[in-house]
Protein chains: 2
Amino acid sequence: MTTTVAAKPKTEDLTAVMAKIGAAAKAAAVALAKTSTEAKNKALLAAAAAIRARTGDILAANAQDMATAKAQGVSGAMLDRLLLNPERIEGIAKGLEAVAALPDPVGKVTETWTRPNGLVISRVRVPLGVIGIIYESRPNVTADAGALCLKSGNAAILRGGSESALSSRAIHACLEDGLRAAGIPATAIQLIPTQDRQAVGMLLGMSDSVDIIVPRGGKSLIERVQKDSRVPVMAHLDGICHVYVDKAADLEKAVKVTLNAKMRRTGICGAAETLLVDKAVLNTHLKPVLDALAAKGCEIRADDSVRRLYPAATAATEEDWRTEYLDAIISVRAVDGVDGAIDHISRYGSHHTDSIITEDKAAAEKFLGGIDSAIVLHNASTQFADGGEFGFGAEIGISTGKLHARGPVGLEQLTSYKYVVRGDGQTRP
Amino acid sequence: MTTTVAAKPKTEDLTAVMAKIGAAAKAAAVALAKTSTEAKNKALLAAAAAIRARTGDILAANAQDMATAKAQGVSGAMLDRLLLNPERIEGIAKGLEAVAALPDPVGKVTETWTRPNGLVISRVRVPLGVIGIIYESRPNVTADAGALCLKSGNAAILRGGSESALSSRAIHACLEDGLRAAGIPATAIQLIPTQDRQAVGMLLGMSDSVDIIVPRGGKSLIERVQKDSRVPVMAHLDGICHVYVDKAADLEKAVKVTLNAKMRRTGICGAAETLLVDKAVLNTHLKPVLDALAAKGCEIRADDSVRRLYPAATAATEEDWRTEYLDAIISVRAVDGVDGAIDHISRYGSHHTDSIITEDKAAAEKFLGGIDSAIVLHNASTQFADGGEFGFGAEIGISTGKLHARGPVGLEQLTSYKYVVRGDGQTRP
């Protein structure tokens with residue numbers, strides 16, 4: 001059995017299709033801003049039920065996607081991300097239920113103050129409006145991203161990778177079922193129905209109807225989106241994360257935290273890529289840390305002063321300091337104390353997540369204040385760079401930009417605010 | 001005596017000039033992020049003293065700008081905005097002192113929480129980095145914008161209107177004096193030294209060194225900046241602000257607030273442009289409000305049902321509902337209750353500031369929740385749309401966008417944040 005993806009429409013047709021999607025999203029956003037928490041949760045729970053009920057359909061769609069991808073030579077990690085099985089589908093359903101269980105950020109009063117003239121001013125969270133999500137071939141993102149947008153009161157326009165087209169469509173149908181069951185317009189979560197690449201370009205130009213674009217995927221996808229978008233982009237670029245072992249580091253913590261930061265999972269953006277060691281403790285701290293990494297199969301690329309003490313390391317090049325390996329490889333450099341660490345990270349880091357290991361409180365505060373990254377840690381693993389670990393419940397990504405949201409982007413970060421001012425006839429002098 | 005503005009450099013020279021400005025700003029931003037509150041305040045107070053000491057120089061520069069502008073046919077409000085006199089120069093100095101007196105937003109911990117694993121997470125305000133300000137020929141903005149950027153720890157690149165070139169340069173020299181007196185790099189506040197229009201285009205493309213662009217000026221300037229910028233823009237577009245007089249409005253408040261909202265100052269973005277009156281109280285509330293406006297010289301353009309009761313009004317066209325007059329003109333329309341008011345504002349408003357006059361709390365809450373504007377008021381004048389009136393001390397503008405900052409943009413809104421995580425050797429399971 002084969003199902004064909006919708007034939008490629010002509011450009012003029014596509015323009016009309018995208019304009020219709022934008023208008024529908026904008027209208028849905030107006031409705032969503034007033035939708036009750038109960039209705040949003042009902043939609044999420046009904047969607048989870050639909051995902052479970054239609055597991056067979058989703059698996060069948062995914063089998064077709066997998067067959068096509070294999071025929072096109074897709075392999076390895078990419079193929080694994082595309083694969084769905086009953087456990088993963090149950091995980092998708094559970095993810096929807098988890099978002100339903102999170103507090104609703106919309107309508108929350110975050111501050112209230114009274115002015116001398118008696119005006120009472122409140123800051124109240126409101127949705128952003130319409131969020132465009134562009135992602136690679138991970139079918140689960142269809143549900144995750146749609147759910148986070150819905151719960152935060154935003155309309156979503158989703159565009160997944162072409163390899164996952166049928167899987168995403170099957171999952172999206174369940175989300176639509178959920179919306180309908182709760183009396184919310186099904187256009188609250190739309191999936192662009194064509195894989196035509198021009199559709200992405202059009203979406204990036206829809207600044208009249210789309211409020212923000214969130215790209216989820218590799219560096220090339222994100223860079224392309226940032227370059228071409230006329231709509232503001234909330235993106236996370238590289239996670240070139242550092243662990244700095246200070247001269248006052250507790251050796252046991254240094255070993256344990258570095259090992260976790262690098263090797264717990266090597267493919268996530270919060271994985272450490274570079275280890276900096278204070279020259280003052282090269283003789284004591286370097287070998288135990290590197291031995292622990294090597295014992296777990298980590299390749300070590302180091303500068304000359306490190307290699308003199310640890311000859312098993314290969315030579316690091318300038319390029320290594322700028323590389324996000326996302327693999328069991330670490331670059332290692334000796335630095336002159338906290339200042340040397342700050343200098344290195346300021347030059348090569350990606351403003352994502354960096355950690356200092358030290359028992360010296362002053363050194364820690366200098367590092368925490370001096371590193372311009374979204375997340376800075378003291379005596380803790382960089383792999384804590386995660387919305388769930390922060391207590392946000394779920395995240396759509398980690399922003400390395402400084403505007404709007406920085407660090408983990410959860411439900412609150414998908415909102416804006418308005419000022420509500422209550423008076424009794426006040427006029428401005 | 002005449003001074004000529006620097007000769008127009010060739011494009012390749014200009015590219016080098018702008019690249020140098022960008023690099024210097026980025027370096028200054030790193031220094032500024034660590035600069036103490038005391039040093040920043042010292043620079044602001046020293047700059048205020050320099051402004052006073054050099055009043056003669058500034059007036060002479062302004063006289064040249066004025067002469068050139070008049071020769072070029074500049075007149076009216078634009079010429080008035082360009083004019084400096086001893087009182088206005090004293091106002092500029094006082095403005096710098098007022099910013100010095102404001103609390104420093106940088107380093108403020110806005111939230112702290114502890115995770116079950118013992119990690120203590122804090123959200124700490126940090127500067128945005130480099131802010132580009134593009135403004136029209138109002139010399140005072142040179143000082144105001146420079147001061148707000150400095151106090152919030154951001155490096156500023158200023159580009160004022162060409163008519164005010166010499167005045168802005170004379171004021172900028174005082175800011176540089178202040179920075180030097182406090183030991184802060186003078187490049188913390190740079191003024192683009194050429195009036196070449198290509199410099200603006202280049203600034204808008206400097207996404208590697210500039211973090212945000214804030215345009216201050218009329219609609220055409222802001223639209224051009226938004227269209228051309230590769231750097232995120234924080235802009236306020238039109239202020240098409242509404243006052244809605246509900247059927248449960250107290251008549252005295254309706255008269256007083258509407259008059260203030262429209263006529264206190266007609267040229268500011270928070271000035272009301274459209275009055276909506278509930279059909280249920282046309283007979284009682286319309287005439288007193290319009291009489292009060294007319295008595296102050298306000299021109300009234302109205303729909304048919306209003307004109308039947310108030311024949312002195314001229315006929316409003318569809319275009320009137322979309323117009324920000326910034327003048328003593330008001331458009332008036334009869335609507336069907338709160339729902340009618342929400343419909344009209346949703347269709348024609350600019351998401352800036354809107355007010356309801358009513359004694360009915362339920363009607364007020366419906367309006368406050370249903371209007372998607374940066375500021376919504378109950379029984380208060382739209383002219384309160386101002387950072388000073390909100391207690392922010394000073395503002396660089398009012399943002400009508402929903403990303404990053406919405407409403408008055410004061411010092412806090414010119415910052416980002418970072419997460420500081422303190423642990424004791426925690427690793428992620």
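The values are calculated or read from the model by the stated rules, or taken from the named source; none is laboratory data. Since this is a predicted model, take the numbers as computed values, not measurements. Backbone-built Cβ (ideal geometry, glycine too); neighbour counts: all protein chains shown.
Worth pointing out:
- If the condition is being in a loop (DSSP other than H, G, I, E, B) and facing another protein chain (nearest Cβ under 9 Å), then the stretch B:401-420 contributes B:G401, B:K402, B:L403, B:H404, B:A405, B:R406.
- Residue match in the stretch A:299-322 (condition: away from chain B (no Cβ under 14 Å), in contact with a strand residue (DSSP E or B) (Cβ under 6 Å, 6 or more places away or on another chain) and of a type in the set (S, T, N, Q)): yes
- Single residue of the stretch A:147-168 satisfying the filter (part of a loop (DSSP other than H, G, I, E, B) and not polar (S, T, N, Q)) that is surrounded by the fewest Cβ atoms within 10 Å (Cβ to Cβ): A:G161
- Residue ID - farthest from the chain's Cα centre (by Cα), chosen from residues in the stretch B:169-201 that are at pLDDT 95 or above and in a loop (DSSP other than H, G, I, E, B): B:G183
- Scan the stretch B:241-256 for residues that are closer than 30 Å to B:A156 by Cβ and away from every other protein chain (no Cβ under 13 Å) and the total you get is 0.
Per-residue answers, yes or no, for (1) in contact with a helix residue (DSSP H, G or I) (Cβ under 7 Å, 6 or more places away or on another chain); (2) not assigned by TED's automatic domain parsing to the domain that holds A:A155:
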site	(1), (2)
A:I213	yes, no
A:D246	yes, yes
A:A261	yes, yes
A:T266	no, yes
A:D291	no, yes
A:K296	yes, yes
A:Y310	yes, yes
A:E324	no, yes
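- Exactly one residue out of A:L96, A:L79 is at pLDDT below 95 and either in contact with a Pro (Cβ under 7 Å, 6 or more places away or on another chain) or more than 14 Å from chain B (Cβ to nearest Cβ) (or both), and it is A:L79.
- Annotation note: Cβ proximity below 8 Å between a residue of the stretch A:220-236 that is within 12 Å of chain B (Cβ to nearest Cβ) and a residue that is among the charged types (D, E, K, R) (sequence gap 6+ or interchain) occurs for A:V231/A:D211; A:P232/A:D211.
Yes/no matrix, rows are residues, columns are (1) surrounded by fewer than 24 Cβ atoms within 10 Å (Cβ to Cβ); (2) in contact with a Leu (Cβ under 9 Å, 6 or more places away or on another chain); (3) modelled with pLDDT under 95:
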{"position": "A:S373", "(1), (2), (3)": "no, no, no"}
{"position": "A:L377", "(1), (2), (3)": "no, yes, no"}
{"position": "A:G391", "(1), (2), (3)": "yes, no, yes"}
{"position": "A:L403", "(1), (2), (3)": "yes, yes, yes"}
{"position": "A:L414", "(1), (2), (3)": "no, yes, no"}
{"position": "A:R422", "(1), (2), (3)": "yes, yes, no"}
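- Any hit, the stretch B:236-244, residues being surrounded by fewer than 23 Cβ atoms within 10 Å (Cβ to Cβ) and out of contact with any Ser or Thr (no Cβ under 7 Å at 6 or more places or on another chain): no
- Selection status of B:D424, of a type in the set (D, E, K, R), assigned to a strand (DSSP E or B) and more than 9 Å from chain A (Cβ to nearest Cβ): no
- Residues that are within 11 Å of chain B (Cβ to nearest Cβ) and in a strand (DSSP E or B) within the stretch A:105-124 comprise A:T110, A:E111, A:W113, A:T114, A:V120, A:I121, A:S122, A:R123, A:V124, listed in sequence order.
- Any chance B:A147 is under 24 Å from B:A71 (Cα atoms) and among the hydrophobic types (A, V, I, L, M, F, W, C): no
- Against the test of being surrounded by 18 or more Cβ atoms within 10 Å (Cβ to Cβ), more than 14 Å from chain B (Cβ to nearest Cβ) and outside any loop (DSSP other than H, G, I, E, B), the options A:A341, A:A364 yield a single qualifying residue, A:A341.
- Among the criteria (1) more than 11 Å from every other protein chain (Cβ to nearest Cβ); (2) at pLDDT below 95, the one B:S346 does not fulfil is (1).
- Conditions (1) within 16 Å of A:A181 (Cβ to Cβ); (2) modelled with pLDDT of 95 or more; (3) surrounded by 12 or more Cβ atoms within 10 Å (Cβ to Cβ); (4) of a type outside the set (F, W, Y); number of the one not met by A:E38: (3)
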